[in-house]
Amino acid sequence: MQTPSTTQLHTAIEVLKRYGEYINHKAENIVVQLPNTHFGGSLAARVEVLNIEQVTRIQTVVAQLEKWRDELLQQKRQCVSHHV
């Protein structure tokens, strides 16, 4: 497997961040549309828990990709400084 470029990593990071925003937005819309009943409240709580879990996973992957991107940038800087 070929190592992705820093631009590709940046794109992946941005896509994941926007996907997290999309998930938050969808969850908010679902909760707003639920009936104001005990069942609706239980369902809203479940939606919020699932939303938090999904967004947390996305944020973890984003952090890993950012770390990888930063490492690649550092390697590029070191290669440039060795060639100069």
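The values are calculated or read from the model by the stated rules, or taken from the named source; none is laboratory data. Predicted, not measured: the structure shown is a model, and the values here were computed from it. In this analysis, Cβ positions are derived from the backbone assuming ideal geometry, glycine residues included, and neighbour counts consider all displayed protein chains. These accessible areas exclude ligands, DNA and RNA; they are computed on the full protein's heavy atoms, side chains included. Shrake-Rupley method; radii C 1.70, N 1.55, O 1.52, S 1.80 Å.
Okay, here's what the table says:
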item	result
Surrounding net charge for residue 52, when Lys and Arg each add one and Asp and Glu each subtract one, Cβ distance under 13 Å	-1
Relative contact order for the chain, counting Cα pairs under 8 Å that sit 6 or more residues apart, in percent	43 percent
Under-5 Å amide H pairs with residue 34, H placed in peptide plane, nonlocal only	none
Per-residue [θ]222 nm for the chain (sum of -39500 (n - 2.57) over DSSP H runs n ≥ 4, rounded to 500)	-32500 deg cm²/dmol
In order through the range 20-29: 3J(HN,Hα) via Karplus (6.51 cos²θ - 1.76 cosθ + 1.60), integer Hz, x for Gly, Pro	x, 5, 4, 4, 4, 4, 4, 4, 4, 5
With every protein chain in place, the range 42-81: carbon and sulfur % of accessible area (1.4 Å)	58 percent
Theoretical gain in end-to-end length, residue 61 to residue 39 [0.36 nm per residue, Cα-Cα removed]	4.6 nm
Residue-count net charge about residue 78 - beta-carbon cut-off 13 Å; Lys, Arg +1, Asp, Glu -1	0
Sorted peptide list for 70-76, 19-25, criterion being average Cβ within 10 angstrom, highest first	19-25, 70-76
Å² per residue, accessible surface of the chain at 1.4 Å	80 Å²
Around residue 19: net Lys/Arg minus Asp/Glu count, Cβ-Cβ under 12 Å	+2
Long-range tail of P(r) for the range 1-65 (Cα pairs > 21 Å, %)	39 percent
